[in-house]
Protein chains: 2
Amino acid sequence: MKTEKTESRDHPIDLQSADQVVRHVALLIEGGKLRPGDRLVPERELAQELGVSRPTVRAGLHALAAMGVTESRQGAGTFITGGPPRLGAGPLSFLAALHGFTRDEIFEARRILEVGAAGLAAEVNLTDRHATMSEEVTGMFASLSEPQTFLVHDVRFHRAVAAASGNPVLAALVEMISSLVYEQRRMTVERAHDLKESAEMHRRIYQAIREGDADRARTEMTRHLDMARQAQASEELPAGVLPSRVVGSVA
Amino acid sequence: MKTEKTESRDHPIDLQSADQVVRHVALLIEGGKLRPGDRLVPERELAQELGVSRPTVRAGLHALAAMGVTESRQGAGTFITGGPPRLGAGPLSFLAALHGFTRDEIFEARRILEVGAAGLAAEVNLTDRHATMSEEVTGMFASLSEPQTFLVHDVRFHRAVAAASGNPVLAALVEMISSLVYEQRRMTVERAHDLKESAEMHRRIYQAIREGDADRARTEMTRHLDMARQAQASEELPAGVLPSRVVGSVA
DNA sequence: GTAGAGAATTGGTCAAGCCACTATCGTTCG
DNA sequence: CGAACGATAGTGGCTTGACCAATTCTCTAC
């Protein structure tokens, strides 16, 4: 968080006004006075309550929005983000752009995260969440000739697996990294081949989860990710700069 | 499906001015014109370049700061965050506060992430990163009677393990979730007992990694986290509200 | 050569106001 | 009576211009 630097001081920091806004909202959330979907008080009131100016309030609200906590709609108001727990891709994308994560590093992280998620999903066997996975597999088979559409279903399948684990923390982490994968892959997926083979692997993962076979789910997910890593390496530009480095389009 | 709210428009979105600032910086980073530690142009110039007002620029910069991309120092300037790749704890803390992650869910996610990281650390065997782990273990043994200090070393050890995996993506994820753990545990660690046993377990994890024994590293990390989960359950308030729910102090 | 004072630079904030979008509610027309 | 319409307030988005506070630089005086 932003205040971490100053937090390490030994004395009680005097909060910057903008941070004060963030903290105020944080306290309201912790106190249960603000729940997902709720509307915040108008900026003008908030400014008066905290004794700061409106531009300052707006700066704080932008910070909250950047963390995925709030969403503002002109004319309507500012709302606490609803829906399932999500971590935006922004922070990780910037990190990728700044430090140049390699494709292999990302796949390694996915291997750990998603193999675990697939195993969990098979173990807990939340049958009501199986439909989503099934639909995405179907969508993949239906878009074998449209790489972009295929990719969307691909990413959504992996998120669905994480969601099927029943663990929102895991789901949020997988969602974050899958957003990163989507951003990078969007540019190269046109050169992909063997989409059918990829769809088959996803189907096998789904079936293993559906049958509650955790070991097989893990094995299939591992195989899929290893295969995908190799396949994507060949999608690379023949002699591009930074062959394996990934920049993660933040925009 | 709700993709990205604004991105789902079919027309080339007209960026809000504040987002324009974020995008501008993002493009500079992607283009390699802005690297960690670099200083941004002054707010006033940035405002003129983009044709927006300074409060708007400031709102965008606050958003970047919230994502951990920039840091501003009054009188000095605004800088791209340097140091090792980090994901701030803010977003995950807010998610925890909003959706009430349970302790078990967090431990489950840690189990997957950190067991994988420990295994990797043992496999790659980056000996120059072993010293940090060792130091933290030493620090734990030296602070058996000071729970708060012990906790700091505890958290740092787990981050060191992730760093020793050599995978910055994994390290960033572990750092994020360990921050969450620290925030919650800070309040209850005083009631902890068996700190010595905990330190011993960390030492065994360290030794397994040091000896390059990946299987043992995974086993020891798994045991440690399972034990810690049980131990922390007993640190709970006897009859507190929300027995297993966790709010994650964002502030 | 160095230390100190002052000026320039830069982030932090405020004040007042206009614009654009949304929602609501009363009115009017079918 | 109901539905389409239109005025009206409420709300976020942004600008201009200014002042304050912390830092950094520079130039002088010793």
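Which value at 222 nm does chain B reach when only helices count, each DSSP H run of 4 or more adding -39,500 (n - 2.57), with the total divided by all residues and rounded to the nearest 500 deg cm²/dmol?
-20500 deg cm²/dmol, from helical runs alone.
If Lys and Arg each add +1 and Asp and Glu each add -1, what is the summed charge of the other residues whose beta carbon sits under 9 Å from the beta carbon of B:Pro147?
So the environment of B:Pro147 carries a net charge of -1.
Under the classification rounded if a/c is under 1.5, otherwise prolate if a/b is larger than b/c and oblate if not, where does the protein assembly as shown fall, given a ≥ b ≥ c as square roots of the Cα gyration tensor eigenvalues?
Note, shape of the protein assembly as shown comes out rounded.
If you count, for each residue, the other Cβ atoms within 10 Å and average over each peptide, how do A:117-127, A:85-95, B:28-38, B:86-96 line up from highest to lowest?
B:86-96, A:85-95, A:117-127, B:28-38
For an R0 of 56 angstrom, estimate the FRET efficiency from the Cβ-Cβ distance between A:Leu144 and A:Phe79 and round to the nearest 0.05.
0.90
If you take each beta carbon of peptide A:104-111 and count the beta carbons of other chains within 10 angstrom, what is the mean?
Average per residue, whole number: 5.
Connecting C-alpha atoms closer than 10 Å in a GNM of chain A, tell me which of A:Ile205, A:Ile106, A:Ile177 has the biggest fluctuation.
A:Ile106
By how many degrees, between 0 and 90 and to the nearest 10, does the Cα long axis of helix A:103-124 differ from the longest principal axis of chain A?
The two axes meet at around 90 degrees.
Mind checking the angle between helix B:168-188 and chain B's longest principal axis? C-alpha axes, 0 to 90 degrees, to the nearest 10.
Long axis of B:168-188 versus the principal axis of chain B: about 70 degrees.
Quick one: check the C-alpha center-to-center distance for region B:157-194 versus region A:60-131, whole angstrom.
First find each Cα centre; the distance between them is then 19 Å.
Quick check on chain A: take the gyration tensor over C-alpha atoms, sort the square-rooted eigenvalues as a ≥ b ≥ c, and tell me if it's rounded (a/c under 1.5), prolate or oblate.
It is prolate, given that a/c is not under 1.5 and a/b is the larger ratio.
Of B:Thr56, B:Leu27, B:His193, which is farthest along the charge dipole of the protein assembly as shown in the positive direction, counting Lys and Arg as +1 and Asp and Glu as -1 at C-beta?
Of the options given, the answer is B:Thr56.
Multiply the residue separation of B:Ala131 and B:Arg39 by 0.36 nm, subtract the distance between their alpha-carbon atoms, and state the gained length in nm to one decimal.
Length difference between fully extended and current span is 29.9 nm.
Quick one: helix B:54-66 against the long Cα principal axis of chain B, what's the angle to the nearest 10°, folded into 0 to 90?
Once rounded, the angle reads 20 degrees.
Is the shape of region B:76-224 best called rounded, prolate or oblate, per the rule: a/c under 1.5 gives rounded, else a/b larger than b/c gives prolate, else oblate, with a ≥ b ≥ c the square roots of the Cα gyration tensor eigenvalues?
rounded
Excluding B:Leu173 itself, calculate the net charge of residues whose Cβ lies under 14 Å from the Cβ of B:Leu173, where each Lys or Arg counts +1 and each Asp or Glu counts -1.
Charge balance in the 14 Å sphere: 0.
Positive end of the dipole of the protein assembly as shown, charges at C-beta (+1 Lys, Arg; -1 Asp, Glu), about the Cα centre: which of B:Val69, B:Ala109, B:Asn167 has its Cα farthest in that direction?
Result: B:Val69.
Bear in mind these aren't lab numbers, they're just calculated from the coordinates by the rules spelled out. Because the structure is predicted, anything quoted here is derived from the model rather than measured. Backbone-built Cβ (ideal geometry, glycine too); neighbour counts: all protein chains shown.
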